[in-house]
Amino acid sequence: MDEYFIYLRKSRADMEAEAHGEGETLARHERALLELAKRLHLNVTQIYREVVSGETIAARPVMQRILSEVEQGVWAGGLVMEIERLARGDTIDQGIIAQTFKFSDTKIITPMKIYDPNNEYDEEYFEFGLFMSRREYKVINRRLQRGKLAAAKEGKWVPCRAPYGYRRIKLKNEKGWSLEPVEEEADVVRLIFQLYTRGAQAEDGSFQRMPLGAIARHLDDLGIPSPQGGLWGRPALAAMVQNPAYIGKVRWGQHPSKKKVVDGKVVRQRVQADADEVHVFEGRHPAIIEQEVFDIANEMVKRRVNSSTHIDLSVKNPLTRVVFCACCGHAMGRATSAARPDAGSLVCRTHGCPTVSTRLDIVEERILAGLAEWLSGYELEWAEANSPEHRVASNAEVKQKALQRAEGDLARLQKQLERTHDLLEQGVYDVDTFLDRSRSLAEKINAAKELAASLRQEVVVEEEREANRKNIIPKVKNLIEVYHSLPSAEEKNEMLKDIVEKVVYKKIAVPGKRLKPDDFEIEIYPRIPRK
């Protein structure tokens, strides 16, 4: 007897209906589709619920699983409330769904119609339904975007989060939100703008402006937590002094969501919009900063950005994002002096971190020596592990045997399910008993499938691990041989990152003890997968 699944997913209209008290949508749809299955004598053994809202297949894990099973021929058909529930994505996603159901000869059953993808007329109905679904989605999305833009034009606060210094408040007697100052945080915002545009007052009564990095350290010294609760940073402060919310305005369209293909998949990313695409409207919330002060701060930020465009941005530090501080965990950087501009020291730039710097070339040599020492032991370990007298089953082989056992259990459970169909046909089981037994076996089959899928993935991972363990030996040898002959710090950095996951550096001053140039410790983490 063929098996069928039920697919349940909420639409935006369902969510709006629930908000008006019309009841839980998925429960109503489940009851309707179970009644349909009973009326059509369909053996439903699985119900899928999509609880996330996603436009694309990539954003809907349950649909991905269904398509995988449909592709394998697991199902004779699927029950949905409307054809539009399957896909509202672009034409590529709709084509994937249409072809998957067509080539696997899997029917789509709705209360209104049964679609056979291999029937020419049904195929046209199916494709037209998906097209109309996509069109409806675009109309709804455009309406939502227009509504948000209209709210911004009215001075309402559209984003979900309030900027530092404010809290969101619900507008009275109308839809939408606005902002009100949080005085304790607003005072910090005023201090930031004052230090940046006017400066701190010295003992002689003069004022000296502070750069954003110095302001960040000053706020940390005062014990004022950042909006995230940690230390302040220059990028966060630069974003704050350019945020027009502090002068009582609402900015719209600064970071639009754009689609991009990454590794063959469509993903959404937030990007910086062009200046002519960003709109600023008069807001309903009170300003924290005066317009004149805000303009001065923004002009200073622009001058700093423009003045740095001549700087050579090529990689000068071969250990960039390779060496990390043992005390604070931040990546360590390179510092130079006027006396030795071509040399450099490895330093931790975290404010208040006790880590002591070391000449960069000394750290490089220690890393190369450490890799050579690690390689010697690793080669010996690899040779012993793969010698005939010490040969043991690899992790991949162990996982493969476990996978074979899981697949055997799955085949046995599927045969049991087939026998329940026979017992139903013979009258040994009534319908309720058959459904109870089918559900029980379906749960076991699903668990067995998940176990097999997990083990299948683990086999692939273990095989990749073993290949990487073997391939890293020639990579490390090559690095040690050619490192000093590489022409640029960028090439050295790329080779190190290909081999080393990270290097942890530790050097702390001890009172009364003079530290030697090489008086530091490092811990190297080669880029090989762990068990």
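Side notes on the structure shown:
- Boolean, Val428 is touching a helix residue (DSSP H, G or I) at 6+ places or on another chain (Cβ under 9 Å), modelled with pLDDT of 75 or more, farther than 30 Å from Lys507 by Cα and not in a helix (DSSP H, G or I): yes
- Count of segment 356-371 residues, restricted to those that are polar (S, T, N, Q) and assigned to a loop (DSSP other than H, G, I, E, B), is 1.
- Just one residue in the set Leu144, Leu130, Leu149 is assigned to a helix (DSSP H, G or I), at pLDDT below 85 and farther than 30 Å from Ala98 by Cβ; that residue is Leu149.
- Qualifying residues in segment 442-452 (those that are open to solvent by 50 Å² or more (accessible area, probe 1.4 Å) and free of Cβ contacts under 8 Å to residues at least 40 places away in the same chain) - the one nearest to Phe5 (Cα to Cα): Glu443
- All positions within segment 155-166 that are charged (D, E, K, R) and surrounded by 15 or more Cβ atoms within 10 Å (Cβ to Cβ): Lys156
- Flag for Tyr525 being of a type in the set (Ser, Thr, Tyr), at negative phi, open to solvent by 40 Å² or more (accessible area, probe 1.4 Å) and under 36 Å from the mean Cα position of the chain (by Cα): yes
- All positions within segment 466-488 that are more than 30 Å from the chain's Cα centre (by Cα), assigned to a helix (DSSP H, G or I) and of a type in the set (A, V, I, L, M): Ile473, Val476, Leu479, Ile480, Val482
- Listed by first and then second residue, the pairs linking a residue in segment 157-183 that is touching a residue at least 24 places away in the same chain (Cβ under 8 Å) to a residue that is aromatic (Phe, Trp, Tyr) and outside any strand (DSSP E or B), with Cβ atoms under 6 Å apart and 6 or more places separating them unless they lie on different chains, are Ser178/Trp157; Leu179/Trp157.
- Within segment 489-531, the residues that satisfy the criterion of being assigned to a helix (DSSP H, G or I) and either under 23 Å from Leu380 (Cα atoms) or touching a Gly at 6+ places or on another chain (Cβ under 8 Å) (or both) are Leu496, Asp498, Ile499.
- Those residues of segment 225-253 which are in a loop (DSSP other than H, G, I, E, B), touching a His at 6+ places or on another chain (Cβ under 9 Å) and not small (Gly, Ala, Ser), in sequence order: Leu231, Trp232
- Candidate set from segment 59-74 (those that are in contact with a helix residue (DSSP H, G or I) (Cβ under 7 Å, 6 or more places away or on another chain) and of a type outside the set (A, V, I, L, M)); member that is most open to solvent (accessible area, probe 1.4 Å): Glu71
- Unique residue being part of a helix (DSSP H, G or I) and either modelled with pLDDT under 80 or on the phi > 0 side of the Ramachandran plot (or both) when the list is Glu55, Glu69, Glu84, Glu35: Glu84
- Scanning segment 99-111 for residues that are over 10 Å from Val70 (Cα atoms), out of contact with any Phe, Trp or Tyr (no Cβ under 6 Å at 6 or more places or on another chain) and open to solvent by less than 60 Å² (accessible area, probe 1.4 Å) gives Ile109, Thr110.
The values are calculated or read from the model by the stated rules, or taken from the named source; none is laboratory data. Computed from a predicted structure; not experimentally measured. Cβ coordinates were reconstructed from backbone atoms using ideal geometry, including for glycine residues, and neighbour counts include every protein chain displayed. Just the protein is used for accessible areas: all its heavy atoms, side chains included, with ligands, DNA and RNA removed. Shrake-Rupley method; radii C 1.70, N 1.55, O 1.52, S 1.80 Å.
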